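One structure is given below, encoded as structure tokens.
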Amino acid sequence: MHDLFADPAPGQRTALGPQACVLHGFALAEADALLAGIAGVAAQAPFRHLVTPGGHTMQVAMTNCGRYGWCSDRRGYRYDRLDPQSGAPWPAIPPVFLRLAADAAREAGFAGYVPDACLVNRYAPGTRLSLHQDRDEDDRVAPIVSVSLGLPATFLFGGFARGDKTVRVALVHGDVVVWGGADRLRFHGVLPVKPGHHPVVGGQRLNLTFRKVR
Ligand code: SIN
Ligand code: FE2
């Protein structure tokens, strides 16, 4: 009933809320440049599996670029200016990332978007991301811009309480989801990624999540 699997064409848009939508295929033209950017970031700040405050190792491998990087360890979740693994500042957000994020945000109704953090998520087959809110940022109004690359995934988009019903959204290579303003604190997550092979990205899913932290 509430599952959004209609296989929309690039250029179409699916509303998920008053200030939340999927921009289908919005990143397709820049996908190769985004993948090259991810490789450059990962060469400086390698993907790693963070540990949650509860002591669990996260399934999703992560790295960051930008002024702030999202980190988790036994002490909690936070944004850090430095990569705790190297002690060096996170790599800068590549200009093509910033352009794409601002263009997608504008398309979704958020003009003048300048993110200061970009979390890069890597999902191997079988990897999931459990339902959560993005609430470690000081700015709870500026949108989250989330770019999908590689293997398809089912994105869950819920309400403001963990138990609220969720819609399932099929996300494919090049799709961008934007949620901000009144929808900024909606719960979301990703179901286990099914094994497969993407012609460019191979057997994995990559995701860029832009945020304005401060
Ligand atoms: C996230 O919530 O950080 C990532 C969402 C996604 O991988 O699509
Ligand atoms: Fe998130």
(message) Please list 3J(HN,Hα) in residue order for region 176-189, calculated via the Karplus relation 6.51 cos²θ - 1.76 cosθ + 1.60 where θ = phi - 60°; whole Hz, with x for glycine and proline.
(response) 10, 10, 10, 9, x, x, 5, 9, 4, 9, 5, 5, 7, x
(message) Using DSSP to call loops (not H, G, I, E or B), can you name the chymotrypsin sites (Phe, Trp or Tyr not before Pro) in region 49-106 whose Cβ has at most 16 other Cβ atoms within 10 angstrom?
(response) none
(request) Mind checking the per residue accessible area of region 2-211 for me, 1.4 Å probe, whole number of Å²? (result) 44 Å²
(request) Report the antiparallel proportion of the DSSP beta bridges in the chain as a percent, rounded to a multiple of 5. (result) 95 percent
(request) Could you list which residues have their amide H under 5 Å from that of Gly174, counting only those 5 or more apart in sequence or on another chain, with H placed in the peptide plane? (result) Ser148, Leu149, Gly150
(request) Give me the percent of the accessible area of the chain that comes from carbon and sulfur atoms, probe 1.4 Å, all protein chains in place. (result) 55 percent
(message) Just to compare against my own numbers: the Cα pair-distance distribution for the chain, 10 Å bins, whole % per bin, please.
(response) 9, 37, 41, 13, 1
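The values are calculated or read from the model by the stated rules, or taken from the named source; none is laboratory data. In this text, all values refer to a predicted model and were calculated from it rather than measured experimentally. Please note: Cβ atoms are built from the backbone with ideal geometry, for glycine as well, and neighbour counts cover all protein chains shown. Ligands, DNA and RNA are stripped out before the accessible areas are found, and what is left, the full protein with its side chains, is counted by its heavy atoms. Shrake-Rupley method; radii C 1.70, N 1.55, O 1.52, S 1.80 Å.
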